[in-house]
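Quick notes on the structure that follows.
What follows is calculated from the coordinates using simple rules that are stated; it is not laboratory data. Just so we're clear, the structure is a prediction, and the values are computed from it rather than from any experiment. When we count neighbours, we look across all protein chains shown, and the Cβ atoms used for this are built from the backbone with ideal geometry, even at glycine.
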Amino acid sequence: MLLALSLLAAGTVLRQVDRAYFARHRPHRARAADLIALQRARANNWTPTVLLVGQWVQIAGWWSLAGHGAVAAAAAALAVAVQLRHLQEIAHAAVHGILARTARANLLLAETLVQLPLGLAPATERRQRHVRDHHPNATLATDPNLAELHRAGLLPGVTGPRFAAALLYPLTARGLAATAADLAENLLRSPGRWARAAAVCAVLSAAYLIGGLTAVVCGVLIPRLLLYPQLAWLSLLVEHTWFDPEPRSGAVAYVEAGRCLRLYPRNRVLALLAATTWLPYGDLYHYAHSAHPAVRWNYLPALERHLGAPHFIPTGLVLGSGSVARRHLAALNPSAAAVSPVTAPTPIG
């Protein structure tokens, strides 16, 4: 137990180094150009490395804790899933080139400390899919993320039960099969597959050495195959008004405001919970990120205050007529649900 608590504490401290470094003289509200200039002046390769190492130290702490009873094992499964979401979003910043100082360091950190050990696709492939294919085409027919939502069953005419199943897609038999198939594809056929397989085996071995079989099952397999994919899926669902965006032309921020949403803008408790669990490292501020992908997550709150709000501010994730889920259902099947979109002409602050 002492080892577990020590690792958790050490990982938490290591993760704060990057946060503290970029927090110096951070403005409350600012334009994207000013924030980009500030982050470029502070860009480095060492604090992102410490950040990623801190994430893995925390994961090791949860592995150590997993063997201390059923409650500890369940807590470890949930906590590791959250840590994997954090790793995913840190790598997301890397593929945008805003995690570290150099392009090489960004891809190297993402590949060696996220993509390889989690058995994910190569960082270069993720960059192509996300930066080149998704961002310019968000909510359009050519968006690969929209195709993923369609494969899960979010199609026009979807009924209530099928829609509910789609919201929990990674936890269903079809979703688990898709996750396993993607993992197998990455381990067996993707570039660098031998290194990827070796890295995954190293993670499994480390978990076993630290916490035994319980750590392998509750600290690796369940989080990686079930819980982390579900958290990532929920984050995808709240990125955009996928099925009824407001078509716009003009400035990028204006266009993105018509197809983005902002969850929990005035509920600080839920916003904090989301930002520390399933919407970490700026994912809660997806509109600001979509409008200016070159801004690091540390500065997205200041940018959001400058931009204001997108056209849809939901009242919640699932519950209520103005929730994200209800809006998606109404857009796909108007006869199944009625929704009154919540507009937000005033800035968030």
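Could you list all residues from the range 196-217 that are farther than 21 Å from A75 by Cα and surrounded by 15 or more Cβ atoms within 10 Å (Cβ to Cβ)?
Selection gives R196, A197, A199, V200.
Of the residues L8, L51, which single one is within 30 Å of T214 (Cα to Cα) and touching a Lys or Arg at 6+ places or on another chain (Cβ under 9 Å)?
L51
Of the residues L303, L263, L273, only one is of a type in the set (A, V, I, L, M, F, W, C) and closer than 30 Å to L65 by Cα; which?
L273
For the range 66-103, which positions are assigned to a loop (DSSP other than H, G, I, E, B) and either more than 25 Å from T49 (Cα to Cα) or over 15 Å from the mean Cα position of the chain (by Cα) (or both)?
Listed by number, the residues that qualify are G67, H68, G69, G97, I98, A100, R101, T102.
Return the residues of the range 10-28 that are surrounded by 14 or more Cβ atoms within 10 Å (Cβ to Cβ) and not in a helix (DSSP H, G or I); say none if nothing qualifies.
The answer is R26, P27.
In the range 176-202, what count of residues is obtained for those that are over 20 Å from the mean Cα position of the chain (by Cα) and assigned to a helix (DSSP H, G or I)?
Of the residues in that region, 16 qualify.
Taking into account only those residues within the range 156-194 that are surrounded by fewer than 13 Cβ atoms within 10 Å (Cβ to Cβ) and of a type in the set (A, V, I, L, M, F, W, C), which is farthest from L329 (Cα to Cα)?
Checked the range 156-194; the qualifying residue farthest from L329 (Cα to Cα) is W194.
Considering each of Q39, Q55 in turn, give the residue that is under 14 Å from A294 (Cα atoms) and assigned to a helix (DSSP H, G or I). Spell out how you get there, then give the answer.
Numbers: Q55 fails: under 14 Å from A294 (Cα atoms).
Result of the check over Q39, Q55: Q39.
Within the range 244-279, take every residue that is in contact with a Leu (Cβ under 7 Å, 6 or more places away or on another chain) and free of Cβ contacts under 8 Å to residues at least 12 places away in the same chain and give me the one that is nearest to L300 (Cα to Cα).
Of the residues in the range 244-279, the ones in contact with a Leu (Cβ under 7 Å, 6 or more places away or on another chain) are 253, 263-264, 271, 274-275, 278.
Then drop every residue that is not free of Cβ contacts under 8 Å to residues at least 12 places away in the same chain, which leaves 274-275.
Working: A274: 15, A275: 12 Å.
Of everything passing the filter in the range 244-279, A275 is nearest to L300 (Cα to Cα).
How many residues, within the range 152-179, are free of Cβ contacts under 8 Å to residues at least 60 places away in the same chain, out of contact with any Phe, Trp or Tyr (no Cβ under 9 Å at 6 or more places or on another chain) and more than 21 Å from L221 (Cα to Cα)?
5
Residues of the range 297-313 being assigned to a loop (DSSP other than H, G, I, E, B) and surrounded by 24 or more Cβ atoms within 10 Å (Cβ to Cβ), which ones?
Answer for the range 297-313, where residues must be assigned to a loop (DSSP other than H, G, I, E, B) and surrounded by 24 or more Cβ atoms within 10 Å (Cβ to Cβ): just P310.
Test T241 against the stated conditions and say whether it is in contact (Cβ under 8 Å) with a residue 12 or more places away in the chain and surrounded by fewer than 22 Cβ atoms within 10 Å (Cβ to Cβ).
No; evaluated as a whole, the condition is false for this residue.
Where residues in the range 218-238 are closer than 30 Å to P136 by Cβ and aliphatic (A, V, I, L, M), which of them is surrounded by the fewest Cβ atoms within 10 Å (Cβ to Cβ)?
Ranking the candidates gives L236 first.
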